[in-house]
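Working notes, beginning with the structure itself.
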Amino acid sequence: LENLQPEIKKAAERLRYEVSVRGKQVGWSEKVASFHFKKNLRRIVTELYVRDNCHPFKATLLVWVQIPMWVCVSVALRNCSVGAARSGVQEQFSAGGALWFTDLTAPDSTWILPVSLGLVNLLIVEV
């Protein structure tokens with residue numbers, strides 16, 4: 001979208017000139033000329049989005065999928081670690097760790113996992 005901004009700006013300037021010339025020829029009022037400018041600019045921008053396959057909604061689509069997925073995974077992990085006292089899942093979590101985190105039900109006292117997870121997510125967003 002950012003790469004299209006200079007092209008959109010040039011198209012808007014050219015269209016503004018064409019609409020003003022046509023408006024003077026036909027005798028449009030300022031309101032009618034503004035309506036035609038906005039309508040044609042919207043059409044031009046839509047054509048550019050289709051040409052380059054970069055509609056703004058595509059950037060937000062991932063967020064609308066990621067947020068519910070994150071909530072579902074968080075709730076599932078919480079239910080596995082805290083709410084599964086009757087099943088054998090909690091016992092498996094308390095003895096199934098590796099490296100410095102041997103008990104998966106205990107909080108991470110070294111903060112290595114939360115900090116590394118935050119840094120990896122920041123790296124993903126920045127890249």
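The values are calculated or read from the model by the stated rules, or taken from the named source; none is laboratory data. Since we're looking at a predicted model, the values are computed, not measured. Cβ coordinates were reconstructed from backbone atoms using ideal geometry, including for glycine residues, and neighbour counts include every protein chain displayed. When the accessible area is computed, the model is the full protein with side chains, heavy atoms only, and any ligands, DNA or RNA have been set aside. Shrake-Rupley method; radii C 1.70, N 1.55, O 1.52, S 1.80 Å.
Among the residues of segment 53-62 satisfying the criterion of being open to solvent by 70 Å² or more (accessible area, probe 1.4 Å) and in a helix (DSSP H, G or I), which is farthest from residue 19 (Cα to Cα)?
Top of the filtered list is 62.
Taking only segment 18-47 into account, find how many residues are surrounded by 12 or more Cβ atoms within 10 Å (Cβ to Cβ) and not acidic (Asp, Glu).
Adding up the residues that qualify gives 16.
Determine whether residue 77 is exposed (fewer than 10 other Cβ atoms within 10 Å of the Cβ), assigned to a helix (DSSP H, G or I) and without any contact (Cβ under 8 Å) to a residue 24 or more places away in the chain.
Answer is no for this residue.
Is it fair to say residue 50 is over 30 Å from residue 107 (Cα atoms), part of a helix (DSSP H, G or I) and open to solvent by less than 100 Å² (accessible area, probe 1.4 Å)?
Considered against the rule, which asks whether it is over 30 Å from residue 107 (Cα atoms), part of a helix (DSSP H, G or I) and open to solvent by less than 100 Å² (accessible area, probe 1.4 Å), residue 50 comes out as no.
Could you list, in sequence order, all residues of segment 97-127 that are of a type outside the set (S, T, N, Q) and either open to solvent by 100 Å² or more (accessible area, probe 1.4 Å) or touching a His at 6+ places or on another chain (Cβ under 6 Å) (or both)?
99, 100, 107, 111, 117, 119, 123, 124, 125, 126, 127
Quick one: residue 90 ticks every box in (1) out of contact with any Phe, Trp or Tyr (no Cβ under 8 Å at 6 or more places or on another chain); (2) exposed (fewer than 11 other Cβ atoms within 10 Å of the Cβ); (3) among the polar types (S, T, N, Q); (4) farther than 30 Å from residue 2 by Cβ except a single one, so which number is it?
Among (1) out of contact with any Phe, Trp or Tyr (no Cβ under 8 Å at 6 or more places or on another chain); (2) exposed (fewer than 11 other Cβ atoms within 10 Å of the Cβ); (3) among the polar types (S, T, N, Q); (4) farther than 30 Å from residue 2 by Cβ, residue 90 violates only (2).
Checking residue 45 against (1) over 30 Å from residue 19 (Cα atoms); (2) in contact (Cβ under 8 Å) with a residue 12 or more places away in the chain; (3) in a helix (DSSP H, G or I), which single condition isn't satisfied?
Exception for residue 45: condition (1).
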